[in-house]
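Participant: Here it is: the structure, laid out below.
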Amino acid sequence: MKIASSVYLKGVFAGACLLGWGPTAYAEIYQVADQAQYKKISENLQPGDEVVLKNGVWKDFEIVFRGQGTKDEPIVLRPENNGDVILTGQSNLRLAGEHLLVKGLVFKEGYTPTSEVISFRYNNKELAYHSRVTEVVIDNYSNPDKFETDYWVALYGQHNRFDHSFLRGKRNRGVTLAVRLNSSESQQNHHQIDHNYFGPRPTLGSNGGETLRVGTSHYSLTDSYTRIENNYFDRCNGEVEIISIKSGKNIIKNNLFFESTGTLTLRHGNQNTVESNIFFGNGKAHTGGIRVINQGQKVVNNYLEGLTGFRFGSGLTVMNGVPNSPINRYHQVKDALIQNNTLINVENIHLAAGADSERSAAPVDSNFSKNLIVNQSQTSPFEIFDDISGIEFADNLVNFDTQAFGQGFSQTQYAQLKRDNNGLYYLPGIEQGARIERVLQKSETGPAWYSKKDLLKPLNSGKSISVASGSSLADVIASADSGDTLVLAAGDYTVSRILQLDKAISIRGEKGAEVTLYPQRGTLFEIQNKGSLALYNLTINGAKSPDSTGNVLIRTKKWGMYYNYKLLMDQVDVRDLDVNKAFDFFAAGARSLADEIRITNSRFSNISGGVLLLNKETDDLGIYNAEYVTLENNQFSKVQDVLLDLYRGGRDESTFGPHLSFQHNKVFQVANGKRNKTNASLRLHGVQQSLVAENQFVDSAKIVVEHTVGDPNTVIKNNLFKNTAKPEVKELVFEQAPTAILNNNRVE
Ligand code: CA
């Protein structure tokens, strides 16, 4: 029974007729202006009722939307106008009941106080069924403690739909959208996830950065019947899995993956169908395709182009399994059908991947046929790690040598390919490869009323600002926009405060000018959330820094960095950071992650501390401090502590990095100080890709490489080590000979 009260208006005004959900004579439209009003009316919603939230900002609103609608008369929750109700602070939404419809809400500038932003359940007992959430936005709604786990959307119950929504910028740990199968009421769920825009998800630097997951290993032998269709995955770079399927009989169809690192992984569960999806890698690092594990998986009519990923992140990976595998390991591939896929300029296809003493069960009863695989390089993308006689190869068309297979392949040429009007390559008049009529457009996904334009302006994307000698850099930075470049006239700049960067700022000495910055505080730059820094053509001199121990010239916020950042330097002279003990050049804050640190053509001299301290993951739980570190053509001299401490702890294999390129550097009298606890000039712990080449190390501490998990690729070659011990490589986890490649180094 409804009670008339001033908190709502009777649903008798004209608006009701225009909404089109056909409320009956008994249905109400509740205009709600605040949380108290919502609470009052929400206790007793009836089929056909409609709750309309007043336009505006709603702070700390934990919405519980509960009721029993019917198929013809759902209970509706919506804003006055789509996109004009903004839920901020500690807001979230829980649905429980049947035939509920939520539409048009925006979550931003905050994060959920619970473990989910939108949950299709109220609690363990009250779930949602036959309900739909459409045209909602969750934009940068991340917990600032990056290590706190939450989901943005969690589907429970059965027959629910999540569609035309916009999810962008999840920066803390936890899957963006998870389908949960953790009770029988949520299994065989027949959910539909369609026409969503999954916007950029930055590298997490740890496990838990998946964009979409269906099930967990524990329930993976259960069928889910979830359909994932017509979604756009735009630069979803969280970790090695973009989508992680961990249940059976799901359909993943007509989705588009744009420049996303990682793969669609059929991690657990059987009889899933991956059909007519498009992967565009555009040559970006670690862009992958589809990874096949388990039984009865169908991978048909997919189009993959320009993918660079390798190993488990390849364009196509068929794994080896573990005989009688425990539920959380790798089940053998059986009855896989891989047919009519097109792979153009896909660098790697790995078969029987991961074969080792544990994963010894090669694929069986599988079929690989009518695929079109063509590379401009004419080199074979195939790598085979075990017996593949359990895969039947038939009628594939390729343009490279296939002697390793014997049969099942015939030849074509790259020049025969044509670009179709839909942007996809095809070969006229053949039966191989994918047939895809329409390519999903970004504009067909997400709500039409919410812009998909990137929010953050990158370094060097804005205007130049001329700065006169002696100006206050703090003032200039305060008035600059993100992406701007400050161009400093010749002269000295004394900096009396910490320059706090919550935007992307470049500082460049004018061409040919002598520009010197003298910090007067223990720190010159603090990179904060949304901040990045580039320095070019200038000198930083520590002579006027405070005479206290433990200064750090550049650092991130010490805690609470949940935006990734970049630090770029070229032709910078850093000197005399030695007014007191342990003056470091750069130190990362806990859980901070640099997308890139690139230092080139620069000089570092007289430093009483270290140069790059990327070693704050001391708990070994996750989130290392830098994804790409590039140090090339630099000189480092008289540095007391470690030059580079790059540390990735833990035993998780869900990340690609860190990556290091250390080339053409001169290292002189570095890392000999007694405070250097690493006893190393470079300490590389758990780094996945390291290239240390063409450097000179003189009178310096040795390089220490500590391999942990993953498949670390370490190459140390063509270096000179003069009065410097040779590199030390250790395997900390696996009892095996070190896998690093040391080649052509000279030790004098
Ligand atoms: Ca994962």
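The values are calculated or read from the model by the stated rules, or taken from the named source; none is laboratory data. Please read all numbers here as calculations on a predicted model, not as lab measurements. Methodologically, a virtual Cβ is constructed for each residue, glycine included, from the backbone with ideal geometry; neighbour enumeration extends over all protein chains shown.
Participant: Applying the selection to the range 336-349, what residues are farther than 21 Å from GLY269 by Cβ and not in a loop (DSSP other than H, G, I, E, B)?
Facilitator: If the condition is that a residue be farther than 21 Å from GLY269 by Cβ and not in a loop (DSSP other than H, G, I, E, B), then THR342, LEU343, ILE344, ILE349 are the ones that fit.
Participant: Would it be correct to say that ASN143 is under 30 Å from ARG651 (Cβ atoms) and away from the ligand (no atom under 16 Å from the Cβ)?
Facilitator: Spelling it out, ASN143 is indeed under 30 Å from ARG651 (Cβ atoms) and away from the ligand (no atom under 16 Å from the Cβ).
Participant: Within the range 372-386, which residues are in contact with a Phe, Trp or Tyr (Cβ under 9 Å, 6 or more places away or on another chain), not β-branched (Val, Ile, Thr) and not in a strand (DSSP E or B)?
Facilitator: Scanning the range 372-386 gives ASN375, GLN376, SER377, GLN378, SER380, PRO381.
Participant: Where in the range 587-658 are there strands (runs of 3 or more DSSP E), lying fully within it, with 3 or more residues that are surrounded by 24 or more Cβ atoms within 10 Å (Cβ to Cβ) and away from the ligand (no atom under 16 Å from the Cβ)?
Facilitator: Result: 594-600, 626-632, 644-647.
Participant: Could you pull out the residue among ALA543, ALA513 that is out of contact with any Asp or Glu (no Cβ under 8 Å at 6 or more places or on another chain) and outside the structural domain of GLU627 (by TED's automatic domain parsing)?
Facilitator: Values: ALA543 fails: out of contact with any Asp or Glu (no Cβ under 8 Å at 6 or more places or on another chain).
Within the list ALA543, ALA513, the selection yields ALA513.
Participant: Quick one: in the range 195-232, of everything that is of a type in the set (Val, Ile, Thr) and within 16 Å of the ligand (Cβ to nearest atom), which residue is surrounded by the most Cβ atoms within 10 Å (Cβ to Cβ)?
Facilitator: The selected residue is VAL214.
Participant: Can we say VAL240 is in contact with a helix residue (DSSP H, G or I) (Cβ under 9 Å, 6 or more places away or on another chain) and either under 24 Å from ASN564 (Cα atoms) or within 16 Å of the ligand (Cβ to nearest atom) (or both)?
Facilitator: Considered against the rule, which asks whether it is in contact with a helix residue (DSSP H, G or I) (Cβ under 9 Å, 6 or more places away or on another chain) and either under 24 Å from ASN564 (Cα atoms) or within 16 Å of the ligand (Cβ to nearest atom) (or both), VAL240 comes out as yes.
Participant: How many residues are modelled with pLDDT under 95 and under 22 Å from PRO326 (Cα atoms) when one looks only at the range 185-217?
Facilitator: Selection size over the range 185-217: 4.
Participant: Would you be able to tell me the number of residues in the range 449-470 that are in contact with a Phe, Trp or Tyr (Cβ under 7 Å, 6 or more places away or on another chain) and either surrounded by 13 or more Cβ atoms within 10 Å (Cβ to Cβ) or among the aliphatic types (A, V, I, L, M) (or both)?
Facilitator: Residues flagged as in contact with a Phe, Trp or Tyr (Cβ under 7 Å, 6 or more places away or on another chain) and either surrounded by 13 or more Cβ atoms within 10 Å (Cβ to Cβ) or among the aliphatic types (A, V, I, L, M) (or both) within the range 449-470 amount to 2.
Participant: Here's a follow-up. Just to be sure, is LYS246 within 15 Å of the ligand (Cβ to nearest atom) and basic (Lys, Arg)?
Facilitator: On the way: within 15 Å of the ligand (Cβ to nearest atom): yes; basic (Lys, Arg): yes.
Yes, satisfied.
Participant: Residue check: is GLN663 more than 29 Å from VAL240 (Cβ to Cβ), surrounded by fewer than 23 Cβ atoms within 10 Å (Cβ to Cβ) and modelled with pLDDT of 95 or more?
Facilitator: No; evaluated as a whole, the condition is false for this residue.
Participant: Being under 23 Å from VAL179 (Cα atoms), touching a Phe, Trp or Tyr at 6+ places or on another chain (Cβ under 9 Å), crowded, with 24+ Cβ neighbours inside 10 Å and not aromatic (Phe, Trp, Tyr) is true for just one of GLY238, GLY315, GLY269, GLY321. Which residue is that?
Facilitator: Just one listed residue meets the conditions, GLY269.
Participant: Considering THR678, THR739, which residue is surrounded by fewer than 18 Cβ atoms within 10 Å (Cβ to Cβ), among the hydroxyl-bearing types (Ser, Thr, Tyr) and over 16 Å from GLU632 (Cβ atoms)?
Facilitator: None of the others qualify; the one that does is THR739.
Participant: Residues in the range 133-149 that are part of a loop (DSSP other than H, G, I, E, B) and surrounded by fewer than 22 Cβ atoms within 10 Å (Cβ to Cβ): how many?
Facilitator: The qualifying residues number 7.
Participant: Which numbered condition trips up LYS674, out of (1) part of a strand (DSSP E or B); (2) without any contact (Cβ under 8 Å) to a residue 24 or more places away in the chain?
Facilitator: Evaluating LYS674 over (1) part of a strand (DSSP E or B); (2) without any contact (Cβ under 8 Å) to a residue 24 or more places away in the chain leaves (1) as the failure.
Participant: Does any residue in the range 653-671 that is under 27 Å from ASP699 (Cβ atoms) and in contact (Cβ under 8 Å) with a residue 60 or more places away in the chain come within less than 8 Å, Cβ to Cβ, of a residue that is within 16 Å of the ligand (Cβ to nearest atom) and among the basic types (Lys, Arg) six or more places away or on a different chain, and which pairs are these?
Facilitator: If the second residue must be within 16 Å of the ligand (Cβ to nearest atom) and among the basic types (Lys, Arg), no pairs are left.
Participant: Among the residues of the range 712-720, is there at least one that is crowded, with 23+ Cβ neighbours inside 10 Å and of a type in the set (A, V, I, L, M, F, W, C)?
Facilitator: yes
Participant: Let me ask you something else. When the range 177-189 is examined, which residues are found to be more than 13 Å from the ligand (Cβ to nearest atom) and assigned to a strand (DSSP E or B)?
Facilitator: If we filter the range 177-189 for residues that are more than 13 Å from the ligand (Cβ to nearest atom), which is where we start, we get 177, 179-189.
Result: LEU177, VAL179.
Participant: Now for a different question. Answer with yes or no whether GLN192 is under 18 Å from SER119 (Cβ atoms), in contact with a helix residue (DSSP H, G or I) (Cβ under 9 Å, 6 or more places away or on another chain) and either within 16 Å of the ligand (Cβ to nearest atom) or polar (S, T, N, Q) (or both).
Facilitator: no
Participant: Further question on the same structure: In a loop (DSSP other than H, G, I, E, B), under 30 Å from VAL136 (Cα atoms), modelled with pLDDT of 95 or more and of a type in the set (S, T, N, Q): which single residue out of SER451, SER461, SER389, SER443 fits that description?
Facilitator: Going through SER451, SER461, SER389, SER443 in turn, just one is in a loop (DSSP other than H, G, I, E, B), under 30 Å from VAL136 (Cα atoms), modelled with pLDDT of 95 or more and of a type in the set (S, T, N, Q): SER451.
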